[in-house]
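Trainee: To start, I am sharing the structure in question, which I have written as structure tokens.
The values are calculated or read from the model by the stated rules, or taken from the named source; none is laboratory data. The structure presented is a predicted model; accordingly, all values stated were derived computationally and were not measured. Just so you know, the surface numbers come from the protein's heavy atoms only, side chains and all, with ligands and any DNA or RNA stripped out. Shrake-Rupley method; radii C 1.70, N 1.55, O 1.52, S 1.80 Å.
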Amino acid sequence: QSHIYQRSISEALSAISFVSFECHLLSTMKISLSVIVASLGAASAFAFNSGSSHQAVAKSFRTQKGAALAQPAFKNHFQTDDSSTALAATAAAASSDAIKTRGGGVGGIDVPLMFYFLFWYIGNYYYNITNKLALKAAGGSAGFPMTISALQLAVGAVYGIFLWLAPDAREKPTVTMDDIIKMLPVAFCFAGAHSASVFALSAGAVSFGQIVKAAEPAFAAVLSQFVYNKPVSKAKWLCLPVIIGGVILASVKELDFAVSALVSACIANLFAAFKGNENKKLMETEGLKDRMGSIGNQFALTTILGFFISLPFVFLREGNKMGEFITLFKTNPAISSNLIASGLWFYGYNELATMTLKKTGAVTQSVANTAKRVIVIVGVAIVLGESLDPIKLLGCGIGISGVLLYSIIDQLLAKKKEA
């Protein structure tokens, strides 16, 4: 029982670190409190992960505090203090390793899973902002979308390697070459989904990209049903149009059609659906999870492999103007700061998404993605000073309601049959 309490305390401290960081972004408060809280959360998380003594906890506190302050970020909500974005990524990684086991539920409610979804949404929200700003500063779809997408993976890869090297942070995986080969399909789908998504967002508005990507649950459901032989109930199938329709309604006032964005977003959906199912299958492979050591290690390895898989496509598409990008990166802070920040946000929220996949199916994760896009569309509108049309708010409500219905429909029908 004390073991469960320790895990709950660790989860709470890690969650508080995220909340303090969010408050900093919204109110531009001083960073000192965020540093303290985030460091405590990270230290507690690492202490739980390693099972070390109080001396090791203090050492982890100092290590994570110093590492967080050394990381770059963006300022003034789009370019905040350099330590802020690193704090979010540090807390995300710490939380991922602190809550590596099932459980932590209170009163039948899976509290850790709720936190996974919450911070997954927050991370994706800020990723969309910083990613769009970096793409716009680099010239949009005619600029360097493939380079930016690959470098975002590079930022995550560097951070993942840092956690392996930092004392008391994260144990290194002991995977074999055969394990790496088995991971290649997941890494390829991961890199493909990311690159196609970045290109879609560079070619059109964020709202349009989210509208098209709202169809991802349909892709995941079809693949689960007919390719991976994992049946989806008829009731849940009927929920998908409600969710997708809500997202479309929420974005209809901002529709910015672009053929390239449409095609790229559909390709991203296909890759994402395959990745979700392949990732679920990979994580259930006997012995592989033990050699990886943690879900965080699994995602770090996927990110590293995805980065190397992306490199040939970068040079094929944008290699002839790489010198121009290097100059822009050095001279334009809007590109460099937002690229680094988006890479850290991308790594953090995707690691949390990987953790949710451990407890849920691919279709459930895709449906949660749809609800997340409603929040992203509305949130971005607030940040950019756009109007919140009543139709958009109505669509948001319909989408969220559809997700709730999808989550409980099978249980409701089962209780009705029992009665």
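Trainee: Solvent-accessible area of residue 177, probe 1.4 Å, all protein chains present, reported in Å² to the nearest ten, please.
Mentor: The accessible area comes out at roughly 130 Å².
Trainee: Average the reciprocal distances over every distinct pair of alpha-carbons in region 275-314, invert the result, and give the Kirkwood radius in Å.
Mentor: Details: mean 1/r = 0.0905 Å⁻¹.
Over region 275-314, the inverse of the mean reciprocal pair distance is 11.1 Å.
Trainee: Give the separation of the Cα centroids, region 190-228 to region 257-328, in Å.
Mentor: 13 Å
Trainee: Where does each of 224, 233 land when they are ordered by accessible area, with a 1.4 Å probe and the largest first?
Mentor: Numbers: 224 5, 233 40 Å².
Result, largest first: 233, 224.
Trainee: Please list 3J(HN,Hα) in residue order for region 315-331, calculated via the Karplus relation 6.51 cos²θ - 1.76 cosθ + 1.60 where θ = phi - 60°; whole Hz, with x for glycine and proline.
Mentor: Residue by residue, region 315-331 yields 6, 5, 8, 10, x, 6, 10, 5, x, 5, 5, 4, 5, 4, 5, 6, 9 Hz.
Trainee: Then there's this: Got a number for carbon plus sulfur as a percent of region 163-299's accessible area, 1.4 Å probe?
Mentor: Details: 3950 of 5890 Å².
Answer for region 163-299 is 67 percent, counting heavy atoms of protein chains only.
Trainee: Run the 1.4 Å probe and let me know the accessible area of residue 147, rounded to the nearest 10 Å².
Mentor: Residue 147 exposes around 10 Å² with every protein chain in place.
Trainee: Hey, could you grab the Kirkwood Rh for region 175-304? Inverse mean 1/r over distinct alpha carbon pairs, Å, one decimal. Spell out each step's value before the answer.
Mentor: Working: mean 1/r = 0.0623 Å⁻¹.
Computed over region 175-304, the radius equals 16.0 Å.
Trainee: Let me ask something additional. As a test of reading the structure, rank 330, 359, 136 by solvent-accessible area (1.4 Å probe, protein chains only), most first. Could you put the intermediate results ahead of the total?
Mentor: Working: 330 165, 359 45, 136 135 Å².
I get 330, 136, 359, largest accessible area first.
Trainee: Provide the per residue accessible area, probe 1.4 Å, for region 110-218, rounded to a whole number of square angstrom. Write out the running numbers ahead of the final one.
Mentor: Details: 3430 Å² over 109 residues.
Counting only protein heavy atoms, the per-residue value for region 110-218 is 32 Å².
Trainee: Sort 155, 374 by heavy-atom solvent-accessible area, probe 1.4 angstrom, most to least.
Mentor: From most accessible down to least: 155, 374.
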